[in-house]
Amino acid sequence: KKTNSAAAAGSAGSTSAAGMGVLSGSTLLASSRLQSAAVLSALTLGVFMIDLKLQELSTGGAGDRPIDPSHGTAPQETPHECSWLYFAAEVLTVAGCMVLPAAFLQLRGKSTKGKSPKLRASSQPSCPPLPSSKLSDAEDSPRSIGGRGTPPSEASTGKSALARFNQAISSAARDGDTRCAERWFNEIRKHGLVPDLVSYNSVIHACARQGDTARASQWMQKMRAIGVMPNTISYNILMDACVKAEDAAGAERWLLQMLEDGIEANEISYATVIHARAKNGDTAKAEGWLQEMLRRGVTPNVVSYNSLIYACGRRGDISGAERWVQEMEARGLEPRVTTYSAVVDACAKSGDVLRAERWMERMIARGVDPNVVSYSTMIDCCAKAEDLERAELWLCKMAERGVQPNAHSFSALISACSKRGNADAAARALRRMEAAGIDGDVVVYGGVLDACAKAGDVVRAKQVFQQMRSCGIRPNVITYSALARPFAHRGDWVEVESMAAEMKSEGLAVNEYFLYVLLLAYSTAKPRQPEKAEVAFLEACRQRVEINKHVSSVLARAVGRARSQELLQVARAPR
């Protein structure tokens, strides 16, 4: 029996020893396997102690058994009965000694299957775990387990570890987690490794994504200070960050520094600064960078030309936009849907509907499918020209070509209805939008309310306002102003004051738009309400509401020209 129990203990002990051998085989697995060995040792020791106790009971004799008070002697059992009971108990014990450690190892293996060891930055445990290595555990360790196989060179192991750290930094950069990216960078040196260009570029990218151009610049300086030369990607990241921060001059400085360092700028580098200047409407400097790009033998891409076309569009310069499309095609570049949409937008800003339609037709003829932006821009162009019929026509064409309209498409159509004061058409567009399953927003409902105001339809205005609230859309000051305007034109100052109180209860402050409507209600009331108009104006002045020419004009109608001049003097006085 002792031999059996010793063999069981030895078997479990050898399993524990094997666990300890694996532990010493890999530094990364040390903590996890130490726990396994400890649990196995505890299980083995516990089962072995139970076995010893059973042996003691089996050989202890009757003197170890309790005395029966009725007889004064220990109860007697037959030797045959005793022998089989203890033998069965010891068999179960030995089985437990073998099964329990094996079961533990099986469960442990399932819980960790497919998972490689993960490290955390020692300074901040909140960082995500280090990405798994593509190498096996044996390859990742200085020597393969049990001495089998050939250990990899230190250089290959170091490269693998550095690649994992770089992957962790890159992942943190994509998540916009600058602190975690920097912590992982610091972990590289703690592990005796040297950061490379990828390490620095990833940290710079993390700072750039957060809009922290100053910190990104500091990391660039650190990189240069230790002799790691930045590449094209390094500078492109910084230039892109400057563009997002509305710093066109900063983007240009980095491009000039890049060229000064003898690093070749690519089409992305130039496209970035061209976009930066075009975004600010500075077409002259944007064109200058395009010419510099061509002078250095770098072929412009579609993005560069689209930026210039966009800049022309912002100014409503249709001829300029068309000229850049022609030059683009002359260089063998195919205009994209974004290119044509930018030209249509230029036409929209000028209110040239016919020219915009020609570019839409040209796009379709060239085999380029207009998207929702193209059609929405076209509808907006019709709205600016107050051409409601054409706006509705283009919405129908959009549906015919299978392009799903969005909220902006209907907002542009409703804007056309608003400019014409056509409340029926505006309400019809709103119903079409709901039928298409598109959720409206405060801008859409505000446009319908504006159409109702111009039509003087107070009943429908209230219905639309309640519909907006039932959809869970919170009205803003512009919405309240549009709702109150038809009541103001009727001189219903009581209703307008009620809306002002409701607006205040929702935490919305009166601005120049609502002040105009309120004063308009007092001026058109019968009789006029000059005292109330004066109180409302002075209160608005105390709240530092902007007093524009429209407010000044309606104030004169409400209180009289002479008194309005006095009140305006009070408003202009330094506070």
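The values are calculated or read from the model by the stated rules, or taken from the named source; none is laboratory data. What you see is a predicted model, and the numbers here were worked out from it, not measured in a lab. Neighbour counts run over all protein chains shown; Cβ positions are idealised from the backbone, glycine included. Side chains included, ligands, DNA and RNA excluded: accessible areas come from the protein's heavy atoms. Shrake-Rupley method; radii C 1.70, N 1.55, O 1.52, S 1.80 Å.
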(message) Testing the spin-label approximation: label points 7 Å from Cα along Cα→Cβ at residue 231 and residue 365. State their distance in nm.
(response) 4.6 nm
(message) So, R0 is 30 Å and r is the distance between the beta-carbons of residue 280 and residue 338; what FRET efficiency does that work out to, to 0.05?
(response) 0.95
(message) Tell me the relative contact order for segment 465-521 as a rounded percent, counting alpha carbon contacts under 8 Å between residues six or more apart.
(response) 43 percent
(message) Take residue 245 and residue 550, extend 7 Å from each Cα along the Cα→Cβ direction, and tell me the distance between the two endpoints in nm.
(response) 3.8 nm
(message) For residue 526, give me every one of the aspartates and glutamates with a C-alpha distance below 12 angstrom, ignoring sequence neighbours fewer than eight places off in its own chain.
(response) 492
(request) Quote the FRET efficiency, to the nearest 0.05, computed for residue 327 versus residue 253 with a Förster distance R0 of 25 Å and r equal to the Cβ-Cβ distance. (result) 0.35
(request) Beta carbons within 10 angstrom, averaged per residue: use that to sort the peptides 382-393, 538-549, 245-256, highest first. (result) 382-393, 245-256, 538-549
(message) Using a 7 Å offset from the Cα along the Cα-to-Cβ direction at both residue 38 and residue 212, what is the distance between the two label points in nm, to one decimal?
(response) 3.7 nm
(request) Subtract the Cα-Cα distance of residue 407 and residue 563 from 0.36 nm times their separation in residues, and report this length gain in nm to one decimal. (result) 51.6 nm
(message) So, for segment 231-361, what is the accessible surface per residue at a probe of 1.4 Å, expressed in square angstrom?
(response) 43 Å²
(request) Between beta-carbons, use under 9 Å as the cut-off and find the net charge around residue 241, counting Lys and Arg +1, Asp and Glu -1. (result) -1
(request) Starting from the Cα-Cα distance between residue 509 and residue 490, subtract it from 0.36 nm times their residue separation and give me the gain in nm to one decimal. (result) 4.5 nm
(request) Enter the Cα centre distance for the pair segment 492-551 and segment 399-467, rounded to the nearest angstrom. (result) 27 Å
(request) Hey, for a label at residue 292 modelled as a point 7 Å past Cα toward Cβ, could you say which residues of segment 241-263 have their backbone N under 13 Å away? (result) 248-261
(message) Quick check on my link table: of 285/397; 244/397; 222/244; 222/285, which ones sit more than 29 Å apart, alpha carbon to alpha carbon?
(response) 285/397; 244/397; 222/285
(request) List, in the order given, every pair from 349/419; 504/532; 159/190; 349/462 whose Cα-Cα distance in the structure shown is over 21 Å. (result) 349/462
(request) Rounded to the nearest Å, what's the spacing between the alpha carbon centres of segment 174-217 and segment 326-386? Just the number, please. (result) 42 Å
(request) Any chance you could run the full-extension gain for residue 222 through residue 299? It's 0.36 nm times the residue separation minus the Cα-Cα distance, nm to one decimal. (result) 24.5 nm
